[in-house]
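Please read the structure below before turning to the comments.
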Amino acid sequence: MKPEKPVNSFGTWRVTRFYVPLMLQAFSQSISYPLVASIVTHGPLGVDALTGFAQGQAVMFMIGLLGGGLITTGMVHARDWTGYRAFRRLNAWMMAALLLLQCVPAIHPVDKLVFRTILHLGPELSEIARWTLLGGVVLNGAFFLRNLPLVVLFNHLESGKANNATLVRIALTLACSLTLPRWGLTGPGWGMTVMTAGVLTEWIVTWLYARPYVQALREARTGLPWKRSGREDLLAARRRWLLVAGQFRFMLPLSLGSFVLAISPLAIAGFVGRAAYSPEVMLATHYVTIGVANPVGFAALRMQAVAIAFPPEFPGDRRTLWYALGAGAIFGLALLVFSCPAVADAYFGVYQNVRPEHLGFARSAIAAYCVWPMLQAVRARVEGLASVRQRPSAVMAGQIAYLAALTAALAVTLHFGLLGWQMAVSGIYAATLATIGVVYLALRLRRP
């Protein structure tokens with residue numbers, strides 16, 4: 001009788017069954033932002049309000065991504081009860097510290113330095129960004145709480161259940177985006193309220209799915225008996241601290257890299273806001289088009305989880321690479337659909353309230369992103385390999401290269417007078433290619 005393949009043995013159907021829910025989850029999570037944007041853009045300031053709202057969220061996500069390596073850390077280290085408890089403690093500490101840090105840029109006069117001086121926003125938009133950042137404390141807290149059940153579900157290859165929770169979030173967000181504007185409940189405040197309610201709902205549903213697996217980890221725990229001497233208690237406490245510290249050391253390069261990566265939207269805004277031709281229009285064009293490209297890009301980035309769950313089985317095993325390229329090509333075709341005049345006019349013109357004279361910019365920008373998902377999928381795959389090989393520093397190096405290449409490309413395109421949306425697209429392509437090259441090079445220079 002032929003032995004069964006292990007669960008993590010590569011197979012196209014097995015990988016697809018694991019990846020498709022992850023892809024749908026990432027796509028669904030990201031698509032909630034353009035849904036919320038429709039609530040924001042139908043407020044008194046129209047599409048211009050989206051700039052302040054997006055800038056406030058960019059600062060929020062930049063701070064939150066100091067804990068951006070937590071899910072990868074949990075997938076590697078939280079596979080038994082002891083590792084899970086250490087991860088739970090690490091997640092709680094990171095959440096408390098970063099939510100306090102998130103309040104700092106919203107305090108006077110730091111807010112003026114961040115939003116007026118650095119991000120070049122006017123008084124009205126800078127105030128929107130400030131209140132968005134402050135209101136996002138609850139939202140960011142919900143993201144941290146969601147880390148625990150997501151890690152448990154991913155470690156049990158239950159990506160479909162995680163996706164179901166996200167679909168509940170999207171259904172709630174979609175319902176609000178269709179009904180609230182009819183009732184006149186629009187603008188940044190209502191946008192943040194809807195987004196927060198959606199993520200809190202997603203966390204609750206995800207936790208309900210994860211509870212049986214957490215209970216199974218608890219029942220399978222091993223270690224010292226409950227009745228111990230004082231010395232044994234001290235030794236156990238020291239061991240717990242060492243586990244948390246070890247996970248923190250693994251997470252730190254990933255999180256610092258994520259933090260560096262999170263600066264990129266601010267860098268784009270800083271350069272595009274200084275473009276020679278109508279910077280306000282170019283910023284609005286960038287935000288409505290990246291709102292379409294990002295869901296696809298984030299879906300491609302979930303290839304990282306595939307690379308961790310299905311590591312290479314023999315030297316030179318590149319099956320996940322070919323899989324990543326194929327998936328990325330399909331995503332790119334989806335972006336091309338949005339560049340078709342009928343679809344672009346309906347989505348950007350009607351739904352996102354872009355002015356008719358600016359629709360050509362939006363169509364051109366979204367078409368230019370069509371190859372980017374393939375690069376994102378390849379990047380995710382190599383970052384996953386770095387995590388499997390316990391090389392988080394390679395991921396961090398790649399993300400530092402991302403910001404460096406992005407900044408350099410933006411500076412060059414600004415110097416040559418390109419349109420703002422062209423600057424953004426060029427910078428994102430240059431940054432993604434730099435990340436792929438640096439991570440591959442780091443892995444080749446130091447093989448396990």
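The values are calculated or read from the model by the stated rules, or taken from the named source; none is laboratory data. None of these values were measured; they are calculated from a predicted model. Virtual Cβ from ideal backbone geometry, glycine too; neighbours counted across all protein chains shown. What goes into the accessible areas is simple: the full protein's heavy atoms, side chains included, and nothing from ligands, DNA or RNA. Shrake-Rupley method; radii C 1.70, N 1.55, O 1.52, S 1.80 Å.
Annotations
- Counted by Cβ distance under 15 Å from residue 109, the other residues give a net charge of +1, where Lys and Arg count +1 and Asp and Glu count -1.
- Taking label positions 7 Å along the Cα-Cβ direction at both residue 239 and residue 80, the computed distance is 0.9 nm, reported to one decimal.
- Approximate spin-label separation residue 390-residue 100, in nm, with each point projected 7 Å along Cα-to-Cβ: 3.2
- Residue among 111, 80, 345 with the largest mean-square fluctuation in a Gaussian network model of the chain, springs linking Cα atoms under 10 Å: 80
- Local net charge near residue 125, Cβ-Cβ under 13 Å (Lys/Arg +1, Asp/Glu -1): -2
- For the options 180, 256, 50, a Gaussian network treatment of the chain with springs between C-alpha atoms closer than 10 Å singles out 180 as fluctuating the most.
- Angle of helix 12-41 to the longest C-alpha principal axis of the chain, folded into 0 to 90 degrees and rounded to 10: 40°.
- Percent accessible area from carbon and sulfur atoms, region 366-448, protein chains only, probe 1.4 Å: 70
- Burial order of peptide ranges 157-164, 361-368, 276-283 (average beta-carbon count within 10 Å, highest first): 361-368, 157-164, 276-283
- Rounded if a/c under 1.5, otherwise prolate or oblate - region 82-207, Cα gyration tensor axes: oblate
- FRET efficiency for residue 13 and residue 218, using Cβ-Cβ distance with R0 set to 45 Å, rounded to 0.05: 0.85
- Relative pair counts by distance (%), Cα atoms of region 319-448, 10 Å bins: 13, 32, 31, 18, 5, 0
- Summing Lys and Arg as +1 and Asp and Glu as -1 over all other residues whose Cβ lies under 12 Å from the Cβ of residue 199 gives a net charge of +1.
- Sorting 286, 415 by solvent-accessible area of protein heavy atoms yields 415, 286, largest first, with a 1.4 Å probe.
- The angle separating the long axis of helix 420-445 from the principal Cα axis of greatest extent in the chain is about 20 degrees.
- Accessible area per residue in Å² at 1.4 Å probe, computed on the chain: 44
- Label assignment, Kirkwood radius over Cα pairs in Å derived from the structure, set [x] 24.6; [y] 28.4; [z] 22.7: [z]
- Label-point separation, residue 110 to residue 280 (7 Å along Cα→Cβ), nm: 3.0
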